[in-house]
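What follows is one structure encoded as structure tokens, with my remarks underneath.
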Amino acid sequence: MYVVRRLGVFLFSVVVASGLVFSVMSILPGDPAQVMLGTQATPESVAALRTELGLDRPIPIQYLDWLSGVVRGDLGTSIFSGQDIAAQIASRLQVTMPLAVMAMTMTILLAFPAGVYAASRHRHLGDTVVTTLSQVGLAIPAFWAGLILVTVFAVGRGWFPANGFPGWNSAGEGLRALFLPALSLAIVQGAIITRYVRAAVLDTMREDYIRTARAKGLSRSAALWRHGLRNAAIPVLTILGLQFAALLAGTVVIETVFVLPGLGSMLLQAITRRDLLLVQGGAFVIVAFILTINLLVDLTYRFVDPRVARR
Amino acid sequence: MTLLTVDGLTITTASGQALVDDVSFAIERGGRTGLIGESGSGKTLTALAIMGLLPEGLEVSGSITLDGEELVGRSDRALTVHRGNSMSMIFQEPMTAMNAVMRVGRQVSEPLRIHRDMSDSDADAEAVALLEAVGIDRPEQRAGAYPHELSGGQRQRAMIAMALACGPALVIADEPTTALDVTVQAQVLSVLRSRLAATDAALLLITHDLPVVAGITHDLLVIEGGKIADRGGTRELFDTPVHPVTRRLVEAVPPMSRSGEVPTKAHTPSVEDVIISARQLTRTYTLRRRRLREPGPVIRAVDGVSLDIHRGETFGIVGESGSGKTTLARILIGLNRPDRGSITVDGVDLTATKDLRPLRHIAQMVFQDPMGSLDPRMRIGDIVAEPLRSLKIGGDHETRVRELLEAVSLPSDTADRYPHEFSGGQRQRIAIARALAPDPKILVADEPVSALDMSVQTVTLDLLARLKEDFDLTMIFISHDLSVVHRICDRVLVMESGRAVETGPADDVFRTPDHEHTRQLVASIPRLDGTVSA
Amino acid sequence: MRWKRVNLVVGAAIVALVIVTALVSFVWTPYDPQQISSTERLLGVGENGHVLGTDQFGRDVLSQIMVGSQTALFVGVLAVGIAVVIGIPLGGLAAARRGWTEEGVMRLSDVIYAFPPVLLAILLVAAVSPGVGPAMVAIGIAYVPIVARVTRGAALSVFELDYVAAARTYGRRKTYIFVRHVLPNIASVLIVQVTVLFALAILAEAALSFLGIGAQPPRPSWGRSLRDAQTFIQLSPRLAVWPGLAIAFTVLGFNLLGDGLRDALDPRLEVRRT
């Protein structure tokens, strides 16, 4: 029941999101055809393009047309390159998705041990060090961290490529190219998640059931491991899901720093080329991904928290 | 032979304030000792100090020995050998004291896996036996359940099973039944009693509720302000209290909780002038559906209740948690609307009108939680004057507020202060003053004294009774506590699962209950003379 | 205990410094931040009286950073303003009405939450034209769900309290109760959240300007300066340091202030960061 309901909410959200994407592009002042052709275009050529793009039809019809295409996996063709948009996005995802997954993995590897360690050293030096470092990490723009990392490790030492992406023909080369961008994102995300892990563990340690566990003869750290961590995982999971949106947004920016051919750089190119349909398709795919992650996180709760299954 | 000695135990905060001050006592092997006192008296801290589980930042001095072994000053790791093994503890709120994401059986058998090196499969089997011993039906199934799938009583039984798993020499129970309904409390207490007898463990029972210790303990310690004020045999202290603190505590126990006999009270013949008349009130809540095709389960919070409340009487609505008494009260005062049925309050037909403003002048309410019932950001004067402003009642508000505060016996400078500066009992008085501000004819009091200490309860109940006369009120008094209802109410309505099962003069209902549920409720009340029939 | 005060004091000091810098930069900077000089290109720190050196056009870096704080604060104030003005009533409505209203508001806010500021800005800029205006609106709208959620969460627990029920028994309407009884009691949560959002908005503005879809020349912006610096990063990596430090310093200030306020106002508040 919970799953069915949650899936319903998901589908509803995706449709609303598609409507939002579409309406920002269509309802806002400004004629897309005019925008695409620039100010020098003749009224005739603008009118011709409008007809070609179907912009002369009523907006709801245009939306339904686009939406039915989306359902079939057809996002239209790019006005600039004439390529199929869905195919273009798919090839860009081959960079963006591994980058996001890599960044998330690094974030978790960084944040979980650091957060648990800080909580276990609460009010001691170790906690202060971790807290201070995460405070600093929180203040750094990821793209700036990227610039610095490039300067030091790519330009300076030559350990990593400074920009570009060699493709997945060699998995090692591909991962090497994504390492610094992923690290830039993980520094910032890691700082945020560390704070949450620390707070969640500290909150958990104050709970009554931890006292019960200790009353049974478990030491403080044994009580944390056996009883605390699974409980602390519940709020952390929520934040991980929510932060995924920020992480994907971060890839858009970081791709520019490292000149990676991902979804983000595609969108920015599309803006300069006034390729509106491509922007629309790309943005929708990103939003749909974020909503999917939220769905997965919510469904995962059932395995972490037995109370959810009955809600 | 002495099992536990506490000698000169003192617990101080970092700023040097002594929360527990020079407490000394001893418990014999297999002994049963009660530690009673009001909230903040230091009784829980004493228990936690014995277990070595005090919150960080508190200093402990003095000596605690268990079986001759000194515990004060030992490292946390050294104490783990004893905790859950030779001494164990039962906590107040079994829902939060249990790990929500771990199966009950695993939690119950955990002490065995820690101290007896038992294998998981042996421990699981033992958990089922332990749950069975505390009277949980279908123990195999319950062992595999999560805490939220058990009832409050089952959870507390499981906690008892957990505490007794390793056969400890000392069990500390901190308000083990305070969070439970009275019928469940009686069952849990009897389980605790019989299990202790079976294992021959010593008991330190901590509570603010005197009758709870009466049927279990032989010795009694009375603690106040962190110091042991009085000590002696339980029977002797309750029968002939000498020390002023003990006397105050004993006298605060309502008559009905004193002995197995329900005392008679002067019966005020009621005037047959009906002020509230309700017929067939029903209010349902639909829970979320579990399966797609089935409709969600419907909870009838109030199910076909009819009642007549007479002008000038105190009408009690009594029932256990979830019986629907609060929902009924909220319907009577127009906070909730009934799905079906009709209700007339002093001539206002609530089901016919949408505009409840006239009702607001007639009926006001006092709530349970003295912390939550006052807006912490407002001065008391503004809080009490709010109904006057809201209902656009003219006149000099300042004078009226002063009169009201005086009526509830609060000092004159109260109006300029904020809620946090007052104790629970004082806040409840402020809430009463606010409710009286529009000069209502009806006062609905929903568990108004449940969150207060026993002695404060008495004073507040007396105040309510006095105000009822002075302000010429009809009072509706809602409580789970039969003794309190008996003490203050003229007539009562007993509720069970949304239905009114019995109604009549308080004396008749409690002395000669007609309905089985009422009989059970009355029988479950722990009495100061130790007689519990359940 | 002492550490918490440190957060508050240091954070407030940094924020005050940034605000003062922005105000001073309106009337005075060491050099004209837009002054191009072909002879003074890419000067090092302290050369020719340029405290932080000059950029590829010979413009004074310190002056540019000082003026850049105007954009950061301006965008921050307006974006957070948008988020607060829309988010608080929405969250309040959800908490007060419950049922379908709440469900609708929260589901909608979940959908908007799936549009990070950068993505919203890309959409807006594609439809109109790049600039601080669209960037600000994008950031503001993206943060509406955060404010709405925090407001709802905090308000829900207050709406459960008996003083709200009491207010209804003496005839107050829910709108009045929200404004008069609930808002003052959740103000501390909101103040802390707003402070943190401010830090986030400054980061977002920098990112957008870095991508070229935020502040446009000649409007000075730290993110924009970093965009320019990227081109010359091999020649003069130092140019990428100062604006980045300015951003980090300002964001650190607001975050410390937020933490300090949280500890001072209520130690158990939770703040959402995204």
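Scan region B:326-371 residue by residue and report those that are of a type in the set (Asp, Glu) and within 13 Å of chain C (Cβ to nearest Cβ).
If the condition is that a residue be of a type in the set (Asp, Glu) and within 13 Å of chain C (Cβ to nearest Cβ), then B:Asp355, B:Asp369 are the ones that fit.
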>> One residue is enough: does region A:264-273 have a residue meeting the conditions basic (Lys, Arg), in a loop (DSSP other than H, G, I, E, B), facing another protein chain (nearest Cβ under 9 Å) and surrounded by fewer than 23 Cβ atoms within 10 Å (Cβ to Cβ)?
In response: no
>> For region C:215-237: of the residues being in contact (Cβ under 8 Å) with a residue 60 or more places away in the chain and at the interface with chain A (Cβ under 10 Å from one of its Cβ atoms), which is surrounded by the fewest Cβ atoms within 10 Å (Cβ to Cβ)?
In response: C:Ala229
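Please pick out the residue among C:Gly81, C:Gly49, C:Gly99, C:Gly68 that is surrounded by fewer than 15 Cβ atoms within 10 Å (Cβ to Cβ), within 17 Å of the chain's Cα centre (by Cα) and not hydrophobic (A, V, I, L, M, F, W, C). Explain how you work it out, then say what you get.
Working: C:Gly49 fails: within 17 Å of the chain's Cα centre (by Cα); C:Gly99 fails: within 17 Å of the chain's Cα centre (by Cα); C:Gly68 fails: surrounded by fewer than 15 Cβ atoms within 10 Å (Cβ to Cβ).
Just one listed residue meets the conditions, C:Gly81.
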> Any idea which of (1) within 9 Å of chain C (Cβ to nearest Cβ); (2) closer than 30 Å to B:Gly144 by Cα; (3) not acidic (Asp, Glu) is the one A:Arg211 doesn't satisfy?
Replying inline: (1)
>> Residue pairs, Cβ under 7 Å, 6 or more apart or interchain, first in region C:14-34 and at positive phi, second among the small types (Gly, Ala, Ser). List them.
In response: none
>> For a quick check of your reading: which helices (runs of 4 or more DSSP H) sit entirely within region B:88-150 and have at least 1 residues that are away from chain A (no Cβ under 13 Å)?
In response: B:104-115, B:120-133, B:139-143
>> Just to be sure before I move on: is A:Thr292 closer than 19 Å to A:Phe12 by Cβ, within 10 Å of chain C (Cβ to nearest Cβ) and surrounded by fewer than 18 Cβ atoms within 10 Å (Cβ to Cβ) in the structure I sent?
In response: yes
> Say we look at region B:127-165 and pick out the residues that are closer than 16 Å to B:Thr183 by Cα and of a type outside the set (Val, Ile, Thr); which of these is surrounded by the fewest Cβ atoms within 10 Å (Cβ to Cβ)?
Replying inline: B:Ser151
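Quick grid of which residues meet (1) surrounded by fewer than 21 Cβ atoms within 10 Å (Cβ to Cβ); (2) aliphatic (A, V, I, L, M):
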position: B:Gly42; (1), (2): no, no
position: B:Thr46; (1), (2): no, no
position: B:Gly57; (1), (2): yes, no
position: B:Asp67; (1), (2): yes, no
position: B:Thr96; (1), (2): yes, no
position: B:Glu110; (1), (2): no, no
position: B:Ile114; (1), (2): no, yes
>> Show me the helices (runs of 4 or more DSSP H) entirely contained within region A:182-262 in which 2 or more residues are aliphatic (A, V, I, L, M) and in contact (Cβ under 8 Å) with a residue 12 or more places away in the chain.
In response: A:208-215, A:229-257
> Any idea which of (1) assigned to a loop (DSSP other than H, G, I, E, B); (2) farther than 30 Å from A:Arg72 by Cβ; (3) in contact (Cβ under 8 Å) with a residue 24 or more places away in the chain is the one A:Trp168 doesn't satisfy?
Replying inline: (2)
> If you go through region B:9-40, how many residues are in a loop (DSSP other than H, G, I, E, B), under 22 Å from the mean Cα position of the chain (by Cα) and surrounded by 18 or more Cβ atoms within 10 Å (Cβ to Cβ)?
Replying inline: 2
> Where in region B:172-252 are there strands (runs of 3 or more DSSP E), lying wholly inside it, with at least 2 residues that are among the hydroxyl-bearing types (Ser, Thr, Tyr), within 17 Å of the chain's Cα centre (by Cα) and surrounded by fewer than 22 Cβ atoms within 10 Å (Cβ to Cβ)?
Replying inline: none
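Within region B:386-396, which residues are more than 13 Å from C:Arg172 (Cβ to Cβ) and either out of contact with any Leu (no Cβ under 9 Å at 6 or more places or on another chain) or within 7 Å of chain C (Cβ to nearest Cβ) (or both)?
B:Ile393, B:Asp396
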> For B:Leu220, which of the numbered conditions (1) hydrophobic (A, V, I, L, M, F, W, C); (2) out of contact with any Gly (no Cβ under 6 Å at 6 or more places or on another chain); (3) under 22 Å from B:Val20 (Cα atoms) fails to hold?
Replying inline: (2)
> Quick one: in region C:205-264, which of the residues that are of a type in the set (Val, Ile, Thr) and in a helix (DSSP H, G or I) is farthest from C:Arg5 (Cα to Cα)?
Replying inline: C:Thr231
> Pairs under 8 Å by beta carbon, first residue closer than 23 Å to B:Arg29 by Cβ in region B:180-198, partner surrounded by 20 or more Cβ atoms within 10 Å (Cβ to Cβ) and among the small types (Gly, Ala, Ser), six or more apart or different chains?
Replying inline: B:Leu192/B:Ala173
> For region A:41-98, how many residues meet the condition of being in a helix (DSSP H, G or I), over 25 Å from the mean Cα position of the chain (by Cα), within 22 Å of A:Ser18 (Cα to Cα) and touching a residue at least 12 places away in the same chain (Cβ under 8 Å)?
Replying inline: 5
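Going through region C:138-158 one residue at a time, which ones are within 11 Å of another protein chain (Cβ to nearest Cβ) and either farther than 17 Å from C:Ala201 by Cβ or surrounded by fewer than 24 Cβ atoms within 10 Å (Cβ to Cβ) (or both)?
Passing the criteria: C:Ile141, C:Arg149, C:Ser157, C:Val158.
Each value in this text was obtained by applying a stated rule to the coordinates, not by laboratory testing. Predicted model, so just to flag it, every value in this text is computed and none were measured. As a convention, Cβ positions derive from the backbone with ideal geometry for all residues, glycine included, and neighbour counts pool all protein chains shown.
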